[in-house]
1. Give the order of K208, K266, K63, K188 when sorted by the count of other beta carbons within 10 angstrom, beginning with the fewest.
2. For a quick check: with amide H placed at 1.01 Å from N, whose amide H comes under 5 Å from V146's, ignoring anything fewer than 5 positions away on the same chain?
3. Over the range 79-145, calculate the relative contact order: mean separation of alpha carbon pairs under 8 Å at least 6 apart, over the residue count, as a percent.
4. Based on the alpha-carbon gyration tensor of the range 181-329 and its eigenvalue square roots a ≥ b ≥ c, which shape applies: rounded if a/c is under 1.5, prolate if not and a/b is larger than b/c, or oblate?
5. Once you measure Cβ to Cβ distances between cysteines in the chain, which Cys have no partner under 4.7 Å?
6. Could you calculate the contour length gain from K187 to K37, that is, 0.36 nm times the residue separation minus the distance between their Cα atoms, to one decimal place in nm?
7. Taking the chain as a Gaussian network, Cα atoms linked when under 10 Å apart, which of I143, I55, I163 shows the biggest mean-square fluctuation?
8. State which entries of K94/K118; K94/K208; K94/K266; K63/K184 exceed 21 angstrom in Cα-Cα distance in the structure shown.
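Please treat every number below as a calculation from the coordinates, not as lab data. None of the values given here were measured: they were computed from a predicted structure. Cβ: placed from backbone, ideal geometry, glycine included. Neighbour counts: every protein chain shown.
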Amino acid sequence: MNSSSDAVEYGEEKRACAVCQAPLGRPLIKGIEYSGKSYDVYFCGACKVGITIPIPSQQELAKLYSKGSYRGEKGKRFNPAIEFLIVLSRQMRKRRVKRYVSRGRILDIGCGRGLFLKVMRDDGWEVNGAEFSEEAASHISGIPVVSGEPASWGFPEGAFDAITMHHVLEHLHQPRQMIHECGKLLKKGGLLMCAVPNFLSLQSSVGKGVWFHLDVPYHIHHFSEEGLRSILTESGFRIVNTRRFDAEQDPFGWLQTLLNISGIGKNLLYNMLKRPELRQTEIKSKRAGDLLLTLVLLPFYLPLALLLALWESFLLRRGGTLEFHAVKE
């Protein structure tokens, strides 16, 4: 969210937490390689939030999220079968929002191609989206979308009845600041719904540097339930519900993590599910044996992944993802 100078300020020299400014100790996860660079993950004992170091600059992030590398030309990422399941997931998200707010004006931050907002608009909501680059916003048609920093969005205080941020906070340089901004934009009693990977989940502990949802360097911050809960309450929100299971995210998180720790090329199955224009580079570089082993292990790992996801979410209460439903006081 901040300029590239922020990445230097909280980079290797100071080793300070970007959320609470506390000094960081030794890295919890070391040497994650991506595009010729090495990244470490630190975890702050003070605020219970992790951070990727070195933090990618705004220029590096713009390249990471550019069309053709992160999304297809029309914003889609996966094959038609997976895209159908994503549509169903967005319908379920609509139902969760409507438990607290029956109808009104909604802002989806990090709205992607606007799929969720189209679902809400069809239900009678007034919709707005926000993306952090003009390029990302350019392929969203039929929905008003702002880009850049929140200060430039132009919305008055108290403009929205609901704000959603699903798997957005972990990508930001200043997540606490973003939650503060949401508090300003919501009406009193308005709903903030935000979801993040759970850095202290069982699947994170098992997968470590190859945990699917770690996703360095795309993910700058890594949240625990305690850490994000504290940020929300400090920002004037009352948490009314915490979901620790996501059918879209958690079973697949376990499945891909199990495959990763088996020595198969990292995130190979995930890349195989992408649209052809996005998966060619990743799959070309993998060994034929990895492709075959993935197919052989799937019948065994798929039911195991589902069982592990249910176990960690409902019995251990350490689900792979967290979704907070919070109301502005």
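1. Ascending Cβ contact count within 10 Å gives the list K188, K63, K208, K266.
2. Residues meeting the amide H criterion: G129, A130, E131.
3. Once divided by the residue count of the range 79-145, the mean separation gives 29 percent.
4. Since a/c reaches 1.5 and a/b is larger than b/c, the shape of the range 181-329 is classed as prolate.
5. C111, C182, C194
6. Fully extending the segment from K187 to K37 adds 49.7 nm.
7. Looking only at I143, I55, I163, the biggest GNM fluctuation is shown by I143.
8. With Cα atoms farther than 21 Å apart: K94/K208; K94/K266; K63/K184.
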